[in-house]
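Student: First, the structure itself, so that you have it in front of you.
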Amino acid sequence: MMIRKIGMWVFAAVVAGSMVGCAGSVKRISPDEVVDLSGRWNDTDSQLVAEEMVKEALARPWLAKFLKEHGKNPTVIVGTIKNKTDEHIAIDTFQKDIERELTNSGSVDFVASKGERNEVRSEREDQQTYASDRTRKQMYDETGADYMLQGTLSKITDAAGGKRTFYYQVDMELVDMQRNVKVWFGNKKIKKFITRPGVGL
C-alpha cells in the first residue's frame with residue numbers, strides 16, 4: 001500500500017513538473033519595441049507604413065493648392081482599404097493608424113467613418129427628444145469630406161527550402177469627392193527575408 005502511494009506521489013510530481021515546463025513565461029515589453037517573430041505583417045509594419053504614407057501625401061501639391069483656393073484645411077475621410085494578401089490582417093488597426101497620423105498632422109480635418117457616423121447620428125437623434133435646447137446638436141449640419149483616402153494591401157511570397165521572402169505593397173490614393181479626380185497616388189513596399197532551416201513555414 002505504501003509503495004503504491006509513493007508511486008502515485010512520484011507520478012503527480014512528474015506531471016506537475018511537465019506542466020510547469022510547458023507553461024513557458026510571459027514578459028512585458030514596450031509597445032514601441034520591434035518584435036517580428038513570423039516575418040508576416042505586424043503592428044510595426046502598420047505604424048511605419050501609415051506614418052510614412054501620410055507624411056508623403058501631405059507633402060504633395062494637392063494640399064497647398066487646396067489651402068490656396070479655400071483658405072482652410074481640407075476635410076478627409078478614410079474609405080475602404082482592401083486586404084488582398086493571404087493573411088488575416090487587422091485592417092481596422094491599419095486604418096486607425098492612418099487616421100491618427102492624419103489627425104495629428106494638423107494639416108487636415110478628419111471626418112468620422114461611416115460606422116462611427118451612424119453611432120453619432122443615433123445619439124444626435126436622441127438629443128432632439130431628450131436634450132435641452134441649449135445643448136441640443138442640430139440634425140443635417142454635418143461637415144462633408146473634401147477627399148477620400150482609399151487603398152489596397154497586396155503580398156507576394158517566394159519560398160525555397162527553409163528560406164522564404166514576403167513582399168508587401170501598400171497602394172493608396174486620394175480622391176476629390178466633388179470632381180471624382182484622383183489627386184495623389186502613393187505606395188510603400190516592405191520585403192522580408194526569413195530563414196527557418198528544417199522548419200516548414
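The values are calculated or read from the model by the stated rules, or taken from the named source; none is laboratory data. Everything numeric here is computed off the predicted structure, so don't read it as measured data. All Cβ positions, glycine included, derive from the backbone under ideal geometry; neighbour counts span all protein chains shown.
Student: Being within 30 Å of Lys189 (Cβ to Cβ) and in a loop (DSSP other than H, G, I, E, B) is the filter; apply it to the range 140-153 and report the residue that is farthest from the chain's Cα centre (by Cα).
Tutor: My answer is Asp146.
Student: Within the range 169-181, can you find the residues that are surrounded by 13 or more Cβ atoms within 10 Å (Cβ to Cβ), more than 22 Å from the chain's Cα centre (by Cα) and either touching a residue at least 40 places away in the same chain (Cβ under 8 Å) or in a strand (DSSP E or B) (or both)?
Tutor: Of all residues in the range 169-181, those surrounded by 13 or more Cβ atoms within 10 Å (Cβ to Cβ) come to 169-177.
Narrowing further to those that are more than 22 Å from the chain's Cα centre (by Cα): 176-177.
Within the range 169-181, just Asp176 meets the criteria.
Student: For residues in the range 140-168 being touching a Ser or Thr at 6+ places or on another chain (Cβ under 7 Å) and among the aliphatic types (A, V, I, L, M), which is surrounded by the most Cβ atoms within 10 Å (Cβ to Cβ)?
Tutor: Looking at the filtered set, the residue picked out is Leu153.
Student: Where residues in the range 71-120 are among the hydroxyl-bearing types (Ser, Thr, Tyr) and modelled with pLDDT of 90 or more, which of them is nearest to Glu173 (Cα to Cα)?
Tutor: Thr80
Student: Quick one: which residue in Asp171, Asp146, Asp92 is of a type in the set (Asp, Glu) and touching a Pro at 6+ places or on another chain (Cβ under 7 Å)?
Tutor: Details: Asp171 fails: touching a Pro at 6+ places or on another chain (Cβ under 7 Å); Asp92 fails: touching a Pro at 6+ places or on another chain (Cβ under 7 Å).
Residue meeting the stated conditions: Asp146.
Student: Hey, another quick one. Any residue that is of a type in the set (S, T, N, Q) and outside any helix (DSSP H, G or I) - is there at least one of those in the range 103-117?
Tutor: yes
For (1) over 30 Å from Thr195 (Cα atoms); (2) assigned to a loop (DSSP other than H, G, I, E, B), each residue gets a yes or a no:
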| residue | (1), (2) |
| --- | --- |
| Arg124 | yes, no |
| Thr129 | yes, no |
| Ser132 | yes, yes |
| Gln138 | yes, yes |
| Lys155 | no, no |
| Tyr167 | no, no |
